[in-house]
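To keep things clear, I will list the structure first and then write my remarks on it.
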Amino acid sequence: MIETIKNELKSYLESVLSARYGKPVGVVVEEPKRKDQGDLSVPVFTIAKTAQTGVPAVQKDIADAIAASPLHAYFSQIAPMGGFLNLRLDPAGIAKAIMKAFLAQGEAYGDSLKNAGETVVIDYSSPNIAKPFSIGHLRSTIIGHALGNLLEKTGAKVVRINHLGDFGTQFGKIIYAFQTFGDRSKVEADPINELVKLYVEYHERAKEHPELDDAARAIFTALEHGDPIYTALWSWFREVSLADYMQVYQLLDVHFDSYNGEAFYNDKMQAVIDELAAKNLLKEDAGAMIVDLGEEIPPALIQKKDGSTLYITRDLAALFYRKNTYHFDRALYVVGNEQKLHFEQLKKVVRLMGYPEADTIEHVNFGLVLQDGKKMSTRKGKVVKLVDVLHEAIELSKAYIEEKNPDLADKDAIATKIGVSAIIFNDLKNFRANDFEFNLEDMVKFEGQTGPYLQYTSVRITSILNLEPFVFDGDVDFALLAADPAFEIVKAVGQYQSTVEKAAAEASPSIVAKYLLSLAALFNSYYAKERVNVEDVREKQTKKHLIAMVRAVLNDGMRLLGMQIIEKM
Ligand code: ARG
């Protein structure tokens, strides 16, 4: 809330003073180090200099301007001191301001215009066709989805892109394997596993017969040139893989604006290669084409000796396509730490080509998911199937409900919402660049730093509010809200918007996750001490408003993170 008041005051004073002095005036609103001087403070010397007038005159102008605006409700005291104008915040004024925002915005409380007019493309999830949806792709999906929501909440237009890994030399191998020793009905029955088997067996055979690689390469080249038979097989593999991934997307309730994967850029890469050549950036190196990136970064390999293109070539084409199609202001790539170099190279090539878009590229990196300290990618020698992990979480949640509330109606649906949200929250509460331990049992618990704890807190508030009819009309005792312990909660509720803005700016959903945990903790300790359903009607009404605000923020925050809201559990 302080941030919001600071910003409001700053832009209000800048416009009033600029008009008054007839020239642009910059205003700084800061928090004085010594609290006894006030909560906020406006340094006046520079303004007086710009306005070519005295410090006392400016102090008076500012004080008058505040008195004439609704902003004055925030302050209990406005006093000149030395070269400053010091302001003391009025707790009741703050509570009123927050209540006003709630009454005006309702469910949209916290919506901001910080990034209004901005377009952000987010490249996330992006699994590789014919391979299982990995835990890494789950992280990308969860983080990217949350970022999209956070950015939308701050007014940005978001384009969600699933840059499917549906092209590359491996398709030559899979097609070769399928045509030589594959079985259509087996692929139909269990597509991903069967395609993986074919790929593995291909590699076994190629160890003995390296000439297979020539055959596979020839197939991929033909595919690149649109060979109809290979194209039909490729598109079938893509379709059955996507159908498999859709199970995960449905469970998580994520959606994309575009599924244009790497193959989509097949006919768009030559233009990039030509442009690189025209700009004298392309160099031949042992028959291959590279772009030299200087001392620090290894060169980018753009085209292999056999003429085939690479991952980065497609990413270059994709970037220019997105630039021309969406005119983005920011381009986020939610991809694991291990691709750090790739994105450095991408940025550098784009910069060398002379495009300022290079600076809008952000690699939103993330760490590994560990189990017992080791990378969680295989279990008992088998690849961990993501849907299985999700279903395991759902089963555990169901067992938990069975134990705590066996009579609950709709147990299955609720367990699904809890299990899935538990996985999502467990991921997002960690700073994304860090590795984290995956422990299903811990993350589905209703207490501790978990998703179910947040859902449980919201449900708890719902059940308190549902005891009798309650109308949120803002008619409360503000003195009660302005005193602790309520005021602590009011302040936290007031910080929601700036928390979301920070998380969106830093592409860091964990900021919101941690905020929600602390808000839930504040409520729970408040409720341990305070009775809400008291005799005094006004006190009761005031307390209900307070906890209704907490629930609204918890629910909206969970929604932003991609979690599901529940009414009962
Ligand atoms: N398919 C890639 C992988 O699984 C991730 C793609 C990320 N997006 C991009 N534009 N490079 O490693």
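The values are calculated or read from the model by the stated rules, or taken from the named source; none is laboratory data. All of these numbers come straight from a predicted model, not from anything done at the bench. No Cβ is skipped: glycine too gets one built from the backbone with ideal geometry, and neighbour counts run over all protein chains shown. SASA here: full protein model, heavy atoms, side chains in, ligands and nucleic acids out. Shrake-Rupley method; radii C 1.70, N 1.55, O 1.52, S 1.80 Å.
Things worth noting here:
- Karplus (6.51, -1.76, 1.60) ³J(HN,Hα), θ = phi - 60°, over segment 269-275, in Hz, Gly and Pro reported as x: 8, 4, 4, 5, 4, 4, 5
- Neighbours of Asp536 by Cβ distance under 15 Å: Lys/Arg scored +1, Asp/Glu scored -1, total -1.
- The alpha carbon centroids of segment 174-234 and segment 482-503 are separated by 57 Å.
- Whole-Å distance, taken between Cα centres, linking segment 101-130 and segment 51-71: 37
- Each peptide among 551-563, 343-355, 13-25 gets the average number of other Cβ atoms lying within 10 Å of its residues, and from highest to lowest they stand as 551-563, 343-355, 13-25.
- Full extension of the segment from Lys305 to Glu14, taken as 0.36 nm per residue of separation minus the current Cα-Cα distance, would add 98.7 nm.
- Between Asp475 and Thr53, the FRET efficiency from the beta-carbon distance, with R0 = 51 Å, is close to 0.70.
- Percent RCO, i.e. relative contact order, over the chain, from Cα pairs under 8 Å lying at least 6 residues apart: 15
- Close amide-amide hydrogen proximity is noted between Thr119 and Lys157, Asp329, Arg330, each under 5 Å apart and 5 or more residues distant or on a separate chain (H modeled in the peptide plane; Pro and chain starts excluded).
- Solvent-accessible area, 1.4 Å probe, carbon plus sulfur percent, for segment 306-447: 50
- With both labels modelled 7 Å from their Cα along Cα-to-Cβ, the Gln247 to Asp267 distance reads 3.5 nm.
- Order by protection proxy (mean Cβ within 10 Å, highest first), peptides 42-50, 63-71: 42-50, 63-71
- Those lysines that a straight Cα-Cα span of less than 18 Å connects to Lys404, excepting residues fewer than 8 apart in one chain: Lys417, Lys445, Lys568
- Nearest-0.05 FRET efficiency for Phe431 and Ala521, computed from C-beta distance (R0 30 Å): 0.95
- Hydrodynamic radius of segment 323-443 per Kirkwood, over alpha carbon pairs, in Å: 17.4
- Remark: spin-label model distance Lys279-Leu370 equals 4.0 nm, labels positioned 7 Å along the Cα→Cβ axis.
- Lys340-Ala108 FRET efficiency (beta carbon distance; Förster radius 35 Å; 0.05 resolution): 0.40
- Fully extended contour minus Cα-Cα distance, from Arg531 to Lys568, at 0.36 nm per residue: 11.2 nm
- Each of His327, Gln250, Leu316 was placed along the dipole of the chain (beta-carbon charges, centred on the mean Cα), and the one lying farthest toward the positive end is His327.
- Directionally averaged projected area (convex hull, Cα atoms, the chain), nm²: 33.0
- Cα-based Lys pair tally, segment 138-251, threshold under 24 Å, eight or more apart or on separate chains: 5
- Alpha-carbon centroids, segment 289-361 and segment 506-520: separation in whole Å: 32
- Under a 5 Å amide H cut-off, with hydrogens placed 1.01 Å from N, Phe75 pairs with Asp90 among residues at least 5 apart or on other chains.
- Hz values of 3J(HN,Hα) by residue in segment 340-357 - Karplus curve (6.51, -1.76, 1.60), Gly and Pro given as x: 3, 4, 3, 6, 5, 5, 4, 4, 5, 4, 4, 5, 4, 6, x, 9, x, 4
- Backbone phi angles across segment 158-175, fed through the Karplus curve with coefficients 6.51, -1.76 and 1.60 (θ = phi - 60°), yield HN-Hα couplings of 10, 10, 9, 10, 9, 7, 4, x, 10, 8, x, 4, 4, 6, x, 5, 5, 5 Hz in residue order; Gly and Pro are listed as x.
- Taken along the Cα-to-beta-carbon direction at a fixed 7 Å, the label points for Thr46 and Lys23 span 1.5 nm.
- Less than 5 angstrom separates the built amide H of Leu370 from those of Met376, Phe436, Glu437, Phe438, all sequence-distant by 5 or more or on a different chain.
- Additional length obtainable on full extension of the chain from Glu447 to Lys33, 0.36 nm per residue less Cα span: 145.3 nm
- Separation of the alpha carbons by more than 31 angstrom is noted, of Lys60/Lys543; Lys268/Lys514; Lys279/Lys323; Lys279/Lys340, for Lys60/Lys543; Lys268/Lys514.
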